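I have placed the structure first, in the form of structure tokens, so that the comments after it can refer back to it.
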Amino acid sequence: MLHTIKPEEHGPLGEPMAQAVQTCVHCGFCLAACPTYREFGQEMDSPRGRIVLMKQVLEGELPLAAAQPHIDRCLGCLACEPACPSGVPYRDLISPFRAVVQDRTERSTGEKLRRWLAAQTIPHPGRFRLALAGAKLGKALRPLVPAVLEPMLDLAPDTVPPAVALPRVTPAEGERRARVALLAGCAQQVLDPDINLATIAVLARNGVEVVVPEAQGCCGGLAWHTGDLGAARDFARRNLDAFPAGVDAILTNAAGCGSAMHEYHLILRGTPDEAGSTGSLQARAEVFRKRVMDVSVFLNRLGLREAPQGAGAQKVAYHDACHLANAQGVREEPRKLLRAIPGVTLCELADAHLCCGSAGSYNLDQPDTAASLGAQKARAVIATGATVVASGNIGCLTQLGVHLKKLGSPVRVRHTMQVLRDAYRG
Ligand code: SF4
Ligand code: SF4
């Protein structure tokens with residue numbers, strides 16, 4: 001697409017954004033894949049429409065306020081990327097655009113408060129745990145809670161599992177085949193700490209030593225996807241320093257975290273390191289991101305040392321987390337692991353490419369659209385007749401849990417690693 005964007009006017013992220021706009025040929029193949037185009041049925045809520053809107057804002061031809069509602073409605077699910085025959089890197093446009101316009105985006109006081117609360121709590125497990133305790137009180141006093149904070153109450157679970165301290169090092173069982181470092185995830189540690197325990201157990205069982213670096217922090221994904229570039233850079237720098245070099249891979253078990261870590265080179269683009277060099281930090285990020293992989297990919301490459309014994313016949317539905325399938329291209333690996341369990345029949349969901357509506361903090365910022373997508377996904381799960389739905393992202397698991405419960409469904413929601421760990425236990 002022809003444009004007159006001047007990349008240098010938009011800082012280090014100007015060039016990738018201009019490149020992404022230029023790659024789009026306006027063909028419209030992406031429209032059918034876009035959940036918000038399906039929800040709203042208008043061009044401006046499609047990938048192609050948003051690309052044009054962002055182009056015009058970057059060119060100075062359109063006021064930001066005219067584009068903002070449609071940019072806010074974008075889930076960042078990246079379903080448009082695999083659908084695009086021209087290979088438009090939409091991820092190089094949407095998050096950088098949000099970051100570049102952040103300071104001049106106008107929001108209501110209530111919305112600012114909600115976004116600030118999410119940014120100050122979710123990436124910090126201690127604070128998030130406290131916030132969820134506060135939400136319990138908020139539910140009891142719901143009529144007094146401002147409407148803008150209600151989505152937070154709706155999504156807060158009634159009970160939170162006790163905190164779990166992960167071992168810094170878990171030795172491999174039997175002969176060691178590999179050594180990895182694990183990102184523990186921030187929201188995941190609070191909402192379902194058993195996911196990390198299951199991941200470590202499965203890895204150790206397969207001869208993998210697991211290190212959980214103490215100095216690690218949030219992956220920065222929430223900040224990056226909501227336009228808070230400063231916070232995203234701080235988290236990325238911290239993790240570049242925290243993860244050791246002497247491991248075979250840096251593993252994630254939350255799709256959103258893995259996807260954000262794969263974008264550290266973009267997040268840190270043009271930022272100076274301690275010595276004032278703008279090149280070396282980005283170079284470190286390039287090396288770092290190539291070492292990051294989802295646990296399902298790592299286990300597939302390594303190969304399961306022994307097949308799990310399983311627990312009899314069960315139908316398991318698999319939900320593709322957008323940031324695993326679309327952002328990282330990981331579709332087959334989790335399915336192969338689940339199929340390796342004797343007795344498991346794997347079920348595919350209708351419209352599997354559609355986002356469940358969780359999308360980081362989307363279900364707080366756009367609760368109606370998120371709820372519509374969540375309900376559709378829950379109905380698709382129920383339609384398979386499965387007793388368990390597995391996925392690889394805490395946001396999706398939470399969203400599925402909420403909407404299955406609303407529909408009165410008994411389907412259990414489990415991380416792929418939990419299904420595998422339970423199968424090893426028999
Ligand atoms: S499919 Fe790709 S090239 Fe075609 S309109 Fe969508 S983003 Fe642009
Ligand atoms: S990221 Fe998702 S919601 Fe946003 S334009 Fe692409 S397909 Fe649509």
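Mind checking which pairs have a first residue in segment 40-58 that is within 19 Å of GLU8 (Cα to Cα) and outside the structural domain of ALA99 (by TED's automatic domain parsing) and a second that is in a helix (DSSP H, G or I) and within 13 Å of ligand 1 (Cβ to nearest atom), Cβ under 7 Å, 6 or more apart or different chains?
From residues that are within 19 Å of GLU8 (Cα to Cα) and outside the structural domain of ALA99 (by TED's automatic domain parsing), there are no pairs.
Does LEU53 satisfy the criteria of being farther than 21 Å from CYS322 by Cα and either within 16 Å of ligand 1 (Cβ to nearest atom) or of a type in the set (Phe, Trp, Tyr) (or both)?
Yes: the conditions hold for LEU53.
Every residue in segment 159-174 that is of a type in the set (Ser, Thr, Tyr) and within 16 Å of LYS136 (Cβ to Cβ), please.
THR159
Take SER296 and tell me if it is in a helix (DSSP H, G or I), of a type in the set (S, T, N, Q) and within 13 Å of the chain's Cα centre (by Cα).
It is false that SER296 is in a helix (DSSP H, G or I), of a type in the set (S, T, N, Q) and within 13 Å of the chain's Cα centre (by Cα).
Only helices (runs of 4 or more DSSP H) wholly contained in segment 299-386 count here; list those with 1 or more residues that are within 16 Å of ligand 1 (Cβ to nearest atom).
Numbers: elements: 322-328, 332-339, 362-365, 367-384.
By residue number, 322-328.
Under the condition of being over 15 Å from ILE71 (Cβ atoms) and small (Gly, Ala, Ser), which residue from segment 19-54 is surrounded by the fewest Cβ atoms within 10 Å (Cβ to Cβ)?
GLY41
Looking at PHE97, PHE29 in this structure, which one is in a helix (DSSP H, G or I) and either more than 24 Å from the chain's Cα centre (by Cα) or within 16 Å of ligand 1 (Cβ to nearest atom) (or both)? Show your work before the answer.
Working: PHE29 fails: in a helix (DSSP H, G or I).
Only one candidate qualifies: PHE97.
Scan GLY185, GLY138, GLY174 and give me the residue that is more than 22 Å from the chain's Cα centre (by Cα), in the same structural domain as CYS257 (by TED's automatic domain parsing) and not aliphatic (A, V, I, L, M).
GLY174 is the lone residue from the list that is more than 22 Å from the chain's Cα centre (by Cα), in the same structural domain as CYS257 (by TED's automatic domain parsing) and not aliphatic (A, V, I, L, M).
Answer yes or no: is there a residue in segment 50-65 that is within 10 Å of ligand 2 (Cβ to nearest atom) and either under 24 Å from ALA359 (Cα atoms) or hydrophobic (A, V, I, L, M, F, W, C) (or both).
So far as segment 50-65 goes, yes, one or more of its residues are within 10 Å of ligand 2 (Cβ to nearest atom) and either under 24 Å from ALA359 (Cα atoms) or hydrophobic (A, V, I, L, M, F, W, C) (or both).
The values are calculated or read from the model by the stated rules, or taken from the named source; none is laboratory data. On a predicted model such as this, the values are computed, not experimentally measured, just so you know. Virtual Cβ from ideal backbone geometry, glycine too; neighbours counted across all protein chains shown.
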